[in-house]
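First the structure, in the form of structure tokens, and then the observations on it.
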Number of protein chains: 2
Amino acid sequence: MAKDKKQPRPKAQTPKGFQDYFGADVTARNDMLRKIGEVYHRYGFDALETSAVETVEALGKFLPDVDRPNEGVFAWQEDADWLALRYDLTAPLARVAAQYRNDLPSPYRRYAMGPVWRNEKPGPGRFRQFYQCDADTVGAPSVAADAEICAMLADTLEAVGIARGDYVIRVNNRKVLNGVLEVAGLSGDDNEAKRGIVLRAIDKLDRLGLEGVRALLGEGRKDESGDFTKGAGLSDVQVAPIVQYFNGNKTYQRSATIRAVSGIRTAAEVLNAKGVDVTVLRNLRALIGESAVGAAGLDELEEIADLLAAQGYGPDRIVIDPSVVRGLGYYTGPVFEAELTFEITDEKGRPRNFGSVAGGGRYDDLVKRFTGQSVPATGVSIGVDRLLAALRAKGQVDHAAQGPVVVTVMDRDRMADYQAMVSELRNAGIRAEVYLGNPKNFGNQLKYADKRAAPIAIIAGGDEFDSGVVQIKDLVLGAEIAKNASLAEWKDRPSQYEVPRDQMVTRVRAILGGQG
Amino acid sequence: MAKDKKQPRPKAQTPKGFQDYFGADVTARNDMLRKIGEVYHRYGFDALETSAVETVEALGKFLPDVDRPNEGVFAWQEDADWLALRYDLTAPLARVAAQYRNDLPSPYRRYAMGPVWRNEKPGPGRFRQFYQCDADTVGAPSVAADAEICAMLADTLEAVGIARGDYVIRVNNRKVLNGVLEVAGLSGDDNEAKRGIVLRAIDKLDRLGLEGVRALLGEGRKDESGDFTKGAGLSDVQVAPIVQYFNGNKTYQRSATIRAVSGIRTAAEVLNAKGVDVTVLRNLRALIGESAVGAAGLDELEEIADLLAAQGYGPDRIVIDPSVVRGLGYYTGPVFEAELTFEITDEKGRPRNFGSVAGGGRYDDLVKRFTGQSVPATGVSIGVDRLLAALRAKGQVDHAAQGPVVVTVMDRDRMADYQAMVSELRNAGIRAEVYLGNPKNFGNQLKYADKRAAPIAIIAGGDEFDSGVVQIKDLVLGAEIAKNASLAEWKDRPSQYEVPRDQMVTRVRAILGGQG
């Protein structure tokens, strides 16, 4: 075509920061999401699927203050409006809860799964589109809703294949932390900025260490590059209870959690039957002093522990753990986190816990943006990619990679016969396909079967058709024999069988069963 | 907060042209797609999920020739590049087939399901985000690949719940039409524009009628509003074979199809055992005269019929039908279409066939844009919303709307006991939830259960706990009794039972079974 010369060929390239997912990577994720959805459904949660596109106005915190709102979201202008791809599933839920508030049941339990988009500089392991999987209850003020979500999270992890003992769900309450901040003299509107700095500092404990956080609570911190981050400017008297809170609990509670998860529980242990570390509770009651919000937070924690205990969720699955902070500013009550406790080997070969795969909490102000009325809400978000990686680490997703039985083509004119063979196999529920490339080079057909991870190849030429038989090649066994060629016991094992045509399906099924 | 006054509240509104999907609408679609995926997988197709975002360059026909590429796609600029939301699943496949051509098996069978986006003016029934579900084979030149996709489409329709006899897959070949165009003197590069006009005109036959199409083949057509559309400018001699082609076949073949689908097939019938209307084939051979491409097209059609017959797909499921055109310019060989033949009632109360739910064909030039090398490809796209609507019309998706058993709250202090009840129900696989709103007004709880379409409510207050029983209210039966309140036989039927606490799960299951 004449046009070809004018326009250069487009590059065949995934846009920067995006990914293509193939085969088992897609189906394993779908399988996992389906199992999660089944648990959510059983808990009375209803599916919700909003569109990928929202108005920038509805997304809220990304409102444009410059020429275009390119901070964090992918956005474009349409007439007078700005549209954008959603950056999470919570903002659309807040919009839906406001928009349909007269029609939805209240409380409204909903789950949502799907991609979200972040307009970030692409980097290693940082992607601009990824899946989220959320469950939230809107309109339930009672902590029974938070307890329910923790129980559901435990059931969900087990449903997808994480064994009991391989995870723990840790629960805390922001109100306890707020009580501590009150004791530190940081209550009131005029201290909002300082509270923000303190929360973000505590959330960086793992990275910065005790002294780093302490510096951020005080005057500020100079990092290795010499850059200075201004601190909250608290006095030593103010810093003391905060450090005592997160530092003391970090030490006490982590060890108590590990003891609980390990099942070592004696009369001398600090955990009571509800998974509450009574020493920690006693210390916290002392720490929050006269703070009413702090006391309310502790009461709520005990209530959550009571509810979970009544449903049989003991400290082997869910523990109260005041060291959980969670960074997001909008949490207002209980916060929780699911941590996988089994060990994996990191990139440097050192063993470490797999770590967090889900988290959430109560956020009572999101819907208010739209309606002006406060609506209580609580929810959890599962890190889909993290959880899938965990299932892979535990060997829970192999089966999905099963290739098809490949019927090879010896004689191009017998395509109808080969098609009849795959039909029979498929009708018997066996994944199967006929080779549809150029059949001339038979070696290419076997290479193709190899690339497809085919467990079996079917071979039939003129001789086979004349005698009413087919050749069945066990490719899994064939590979084993090739690998062990020097061993006597493998030498004479046949990996190819001639069977009557009408026994093909039966034999294929038997071989597949043996390979399983 | 002081800010509230400065910023007006955002509107809680779905962006124009987009939709929110709730509950069963989400799960019914997911169920259907899962069943489709199972068939595709059994046929050896592998899942592929590309990102929603592509470079505008890779999407191709929407390259920006003005300030910004807002024709048809949602696009935005990033540095020097334009990015856009994909408008179908074929363009990303072409990109992937080019990008990974050294790693993918060849032929490459892949399926993809997911939303696509169109930047169109929103209108009734026209949405800017909707699902597509595609299966394609890239790198297989043989029409065996086309036949396979037709067979798979038949299996897919039956797997999701369309009974045999309620659908027919009609197959044609663009080459036959090209043969006719050749006879009409429209071959060669310089007639490309005219061929485009002719194809689009034929595709409008249903809407414009024979005379309208004939006008577009000639000088042009004036519509009711007086607007004039310029025609292809063909002479009467050129128009004759084209009209004879589509008009003759439309009449002959539709009736033959209907006869075949109805199962009325006698020796006097025109369809042969392979679903080929021999009269039509004879007429077509005459019509295409000396055209080599036309003859090749007819040979391919017969080969497809052979292959399908060998696999047992007779004319009750798949027929050769030269009246199928399909609008898209890029088809180069076989084209096919799945039509649901059962009747529904249209908005004016008239019966009509449900119509097309899937279509596709061979397109051999899409990958070439990237690599310069021609790669044969064929595929099918299922209209997800249309097929789902068909399943609804056939009553195939009801069960998904099942609400949860609602455990009501008579005594706020016994929340742990109510939670234990739902736990037991859920552990028995029964969808259940406790009422988490303000329990003060019991009537609100029953209204809530009604809004949730709950089949059963569990009621237990102080008396019940003291006696170790619960009340089970059958809400489905209750509604029936209310509806038939005047009938004597309904009057004394109880819809509420008191049962021992430890028999709650058993009785709930029995009642649900009876409601089934």
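Name the residues whose placed amide hydrogens come within less than 5 Å of the amide hydrogen of B:Ala358, ignoring near sequence neighbours (fewer than 5 apart) on the same chain.
Distant-sequence amide H within range of B:Ala358: B:Ala338, B:Gly383.
Find the centroid of the Cα atoms in segment B:439-486 and in segment A:122-192, then give the distance between the two in whole Å.
After rounding, the separation between the Cα centres reads 33 Å.
Using the beta-carbon distance between B:Val476 and B:Ala163 and R0 = 30 Å, what value does 1/(1 + (r/R0)^6) give for FRET efficiency, to the nearest 0.05? Numbers along the way, then the final one.
Working: r = 28 Å, r/R0 = 0.94.
Efficiency, rounded to the nearest 0.05: 0.60.
Output the antiparallel fraction of DSSP beta bridges having both residues in segment B:405-515, as a percent to the nearest 5. Display every interim value, and only then the final one.
Numbers: 9 of 14 bridges.
If I count the DSSP bridges inside segment B:405-515, around 65 percent turn out antiparallel.
Please list the non-local residues whose amide H lies under 5 Å from the amide H of B:Trp82, H modeled 1.01 Å from N, same-chain partners needing a gap of 5 or more.
Here the answer is B:Val56, B:Glu57, since their amide H atoms fall under 5 Å of that of B:Trp82.
Under the Karplus relation 6.51 cos²θ - 1.76 cosθ + 1.60, θ = phi - 60°, what is the ordered set of whole-Hz ³J(HN,Hα) values for segment A:409-424, x standing for Gly and Pro?
10, 8, 9, 3, 6, 9, 3, 4, 5, 5, 4, 5, 4, 5, 4, 4
Can you pull the one-decimal nm distance between simple spin-label points at A:Glu211 and B:Gln77, each 7 Å off the Cα toward Cβ?
5.0 nm
First measure r as the distance between the Cβ atoms of B:Arg126 and A:Gln503, then evaluate 1/(1 + (r/R0)^6) with R0 = 41 Å and state the FRET efficiency to the nearest 0.05.
Numbers: r = 55 Å, r/R0 = 1.33.
With R0 = 41 Å, the Cβ-Cβ based efficiency is 0.15.
Quick check: the angle from helix B:174-183's long axis to the longest principal axis of chain B, C-alpha only, nearest 10 degrees?
Around 30 degrees separate the two axes.
Considering amide H positions built from the backbone, and no H for Pro or chain starts, which residues 5 or more places from B:Tyr21, or on another chain, come under 5 Å of its amide H?
Distant-sequence amide H within range of B:Tyr21: A:Glu49, A:Thr50.
In nm, what does the list of distances from A:Arg200 to its counterparts in the other copies look like, shortest first, when each label sits 7 Å along Cα to Cβ?
5.6
May I ask for the angle, rounded to the nearest 10°, between helix B:90-99 and the longest principal axis of chain B, with both axes built from Cα atoms and the value confined to 0 to 90°?
Result, in degrees: 80.
From the label point of B:Gly165, set 7 Å from Cα along Cα→Cβ, how far away are the matching label points in the other copies, in nm, ordered shortest to longest?
Copy-to-copy label distances for B:Gly165: 5.6 nm.
Tabulate in residue order the Karplus-calculated ³J(HN,Hα) for segment A:354-370, using 6.51 cos²θ - 1.76 cosθ + 1.60 with θ = phi - 60°, rounded to whole Hz; enter x for Gly and Pro.
Coupling constants for segment A:354-370: 4, x, 6, 10, 7, x, x, x, 8, 9, 9, 10, 5, 6, 3, 3, 8 Hz.
Inside 10 Å of the C-beta atoms of A:127-138, what's the mean count of C-beta atoms belonging to other chains? Show your work: numbers first, answer last.
Numbers: counts 1, 3, 4, 1, 1, 0, 0, 0, 0, 0, 2, 0.
Mean shielding by partner chains, rounded to a whole number: 1.
Just need the relative contact order of chain A here, percent rounded to a whole number, with Cα pairs under 8 Å and 6+ apart. Kindly include the intermediate steps, with their values, before the conclusion.
Values: 816 pairs, mean separation 70.2, N = 516.
The normalised contact order for chain A reaches 14 percent.
Given the rotation that superposes chain B on chain A, what residue of B brings its beta carbon nearest the axis, and what is the distance in Å?
With distances in whole Å, chain B gives B:Trp76, 2.
Suppose only helical runs count, i.e. DSSP H with n ≥ 4. What mean residue ellipticity at 222 nm does that imply for chain A under -39500 (n - 2.57) per run, divided by all residues and rounded to the nearest 500 deg cm²/dmol? Walk me through the intermediate numbers first.
Values: 19 runs with 214 residues, N = 516.
After summing the helix terms and dividing by the residues of chain A, the value is -12500 deg cm²/dmol.
Going 7 Å from the Cα of A:Ala510 in the Cα-to-Cβ direction, what parts of segment A:384-428 have a backbone nitrogen less than 16 Å from that spot?
Under 16 Å, as judged by backbone N against the label point of A:Ala510, lies no residue of segment A:384-428.
So, with +1 on the Cβ of K and R and -1 on the Cβ of D and E, and no other charges, what is the size of the charge dipole of the protein assembly as shown about its Cα centre, to the nearest 20 debye?
Details: 134 positive and 142 negative charges, 155 e Å.
With Lys and Arg at +1 and Asp and Glu at -1, about 740 debye.
How big is the charge dipole of chain A about its Cα centre, in debye rounded to the nearest 20, if each Lys and Arg gets +1 on its Cβ and each Asp and Glu gets -1 on its Cβ?
On the way: 67 positive and 71 negative charges, 241 e Å.
Using only the charged Cβ atoms, the result is roughly 1160 debye.
Taking the label point as lying 7 angstrom from Cα along the Cα-to-Cβ axis, what are the distances from A:Asp364 to the corresponding position in the remaining copies, in ascending order and in nanometres?
Between copies, matching label points for A:Asp364 lie 6.9 nm apart.
What are the ³J(HN,Hα) couplings of segment B:214-227, residue after residue, when phi is run through the Karplus curve with 6.51, -1.76, 1.60 and θ = phi - 60°? Round to Hz, x for glycine and proline.
Using θ = phi - 60°, the values come out as 4, 5, 5, 6, x, 6, x, 9, 9, 8, 4, 6, x, 5 Hz.
Using Cα pairs closer than 8 Å and at least 6 residues apart in sequence, work out the relative contact order for segment A:405-515, in percent. Please list the in-between numbers first.
On the way: 136 pairs, mean separation 28.2, N = 111.
In percent, rounded to a whole number, it is 25.
All of the numbers you see were taken from the coordinates with simple rules; none came from a lab. Being a predicted model, the structure only gives us computed values, none of them experimental. Positions of Cβ are generated from backbone atoms using ideal geometry, with glycine treated the same way; all protein chains shown enter the neighbour counts.
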